[in-house]
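Values in this text are rule-based calculations from the coordinates and carry no lab data. Model, not experiment: these values are computed from the prediction. Here the Cβ is made from the backbone with ideal geometry for all residues, glycine too, and neighbour counts use every protein chain on show.
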Amino acid sequence: MALLLSAGACNARTETSRPEPPRRVREPAVAGLFYPGEEQALAKAVDALLERAPAHRFSRLRGLVCPHAGYAFSGQTAAIGYKTLVGREIQTVIVMGPSHYAFLEGACIPDAQAYRTPLGLMPISEKAQGLARTPPFGLEKPCPVQRPAWWAQGPKPAPERGQDTPETWEHSVEVQVPFLQRVAGHAKLLPVVLGEVDPERVAKALAAVLDDKTIVVASSDLSHYHTYDAAKELDSRCIQAICSMNTDDMKGQEACGKTPILALMHLAKIKGWKAQLLDCRNSGDATGEKDRVVGYCSVAFIEPAAESTTASDRKFLLELARRTLTTVAANPASTGPELDLKSVSPKLAKKKACFVTLTKAGVLRGCIGHILPKEALCQAVIDNARNAALLDPRFDAVRPDEVGQIKIEISVLTEPQPLAFDSPDDLLNKLKPHQDGVLLRIGERGATFLPQVWEQLPDKVQFLDHLSEKAGCPPGAWRGKETSVSIYHVECFEENGVADAK
């Protein structure tokens, strides 16, 4: 079947043996049409899209907006969103898609135990049955459906006329599932097709079933079949409405999944989440055909962490680190700017541990810091900015001509707290990727990784193996009896925009 059917319309999950295999399975409707219909080809396609996607770091990711067109058109934008899920402990993914073909009132949950794609089965969460009994949700049942033009080309046998349900041909949820099978292979799915329904009622019902291991996805493309330039303008307005949490403006936007997006926005308001754009493009960027395009975006919804430093204090510290970097690059003998502690805010005069990280064109250029508080935070920033520029043994000293190309990030640490665990498996269970900074001690040796390192090493075993090596021990040494672990968190901020607070 043609993969390029429609521009607008890292562990794989495979079928595993179970005492009682699911009896009711939602079979794929668009495999071979919107995405490859053969297992190896699909896995290769999704993995390639994820590999090309840039990494974004969020410790408290709660939701995503992702597109649902054919992978040849919107797959890269979707992959940028889904890459943020790699390495996270996710138990449930709620995917809300709009109804393209069914005349539906309310929100439809499939009457099934699993969702099938060419990659295998993804089990449907047990929460689905309970939610289906909560208005405006309900289990799928036959309703008026306008079958899509491609229905006879798809892999799914057609039911008798009059027996189509909102799930029969809907692609808006289905195209998200292969990505989830590759990045969140142990999670369960809670699929929902939204028809004519109040998105605020949907949000209030979903709020009752959320926990910290649930991700909510709103499936939507943006504008449809405008010229390239017109689409960019329309999509920019839509994205602005989403990221500013302006539900009134969002109601007037052109997006086929406007209702799922609005439901996610209302949920974000209930929970206090913020939205951040990850990617925006349209089908013309993929095909070069710019007369009639469809727009796509990926947006992350994040739960902000409580900040211990004010915006003005952050600005002061970043400017202080910048002055230090400029000074010591020109004169390595300098200790950095002189500072009167009486002139700074009380929080900056308090003893705090911190790290200063330097990057150049997105590549690490130096990182030095303290694990334990030893001096005033503002002085620690000066000292660690100097040390990161001049004394990181992995790099040559920063040259004056490099200073303008270097970006500065500051991580302020909480005091490390011992983590009790009974076994290596218990340690793995208790670690929280993207949130925990880890101080590992093996006998007399020790090393630490900031929470940011989870982005490069999302697998817990690999994370600890690399940390053991950093401590000068064999990769698996963390499994030994002399191992102790302490956990800390960081508040992280950077130049040219504030990074997520861990």
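Quick notes
- Selected residue (criterion: farthest from Arg292 (Cα to Cα)) from residues of segment 205-241 that are hydroxyl-bearing (Ser, Thr, Tyr) and in contact with a Pro (Cβ under 8 Å, 6 or more places away or on another chain): Ser219
- Candidate set from segment 138-153 (those that are closer than 29 Å to Val46 by Cβ and not in a loop (DSSP other than H, G, I, E, B)); member that is farthest from the chain's Cα centre (by Cα): Ala152
- Among residues of segment 205-232, those that are buried (at least 16 other Cβ atoms within 10 Å of the Cβ) and outside any strand (DSSP E or B), counted: 11
- Here Ala78, Ala41 are screened, and the one residue that is more than 29 Å from Leu277 (Cα to Cα) and not aromatic (Phe, Trp, Tyr) is Ala41.
- The lone exception for Ala353 - which of (1) in contact with a helix residue (DSSP H, G or I) (Cβ under 9 Å, 6 or more places away or on another chain); (2) over 25 Å from Ala55 (Cβ atoms); (3) surrounded by fewer than 19 Cβ atoms within 10 Å (Cβ to Cβ) it fails: (3)
- Single unsatisfied condition, Arg237 versus (1) of a type in the set (D, E, K, R); (2) in a loop (DSSP other than H, G, I, E, B); (3) under 23 Å from Leu278 (Cα atoms): (2)
- Of all residues in segment 460-497 being closer than 18 Å to Phe58 by Cβ and among the acidic types (Asp, Glu), the one that is surrounded by the most Cβ atoms within 10 Å (Cβ to Cβ): Glu491
- Count - residues of segment 358-398 that are in contact with a Lys or Arg (Cβ under 7 Å, 6 or more places away or on another chain) and either closer than 20 Å to Gln456 by Cα or surrounded by fewer than 22 Cβ atoms within 10 Å (Cβ to Cβ) (or both): 7
- Matching strands (runs of 3 or more DSSP E) fully within segment 392-451 where at least 1 residues are more than 30 Å from the chain's Cα centre (by Cα): 437-442, 445-449
- Flag for Gln163 being surrounded by fewer than 18 Cβ atoms within 10 Å (Cβ to Cβ), of a type in the set (S, T, N, Q) and touching a strand residue (DSSP E or B) at 6+ places or on another chain (Cβ under 7 Å): no
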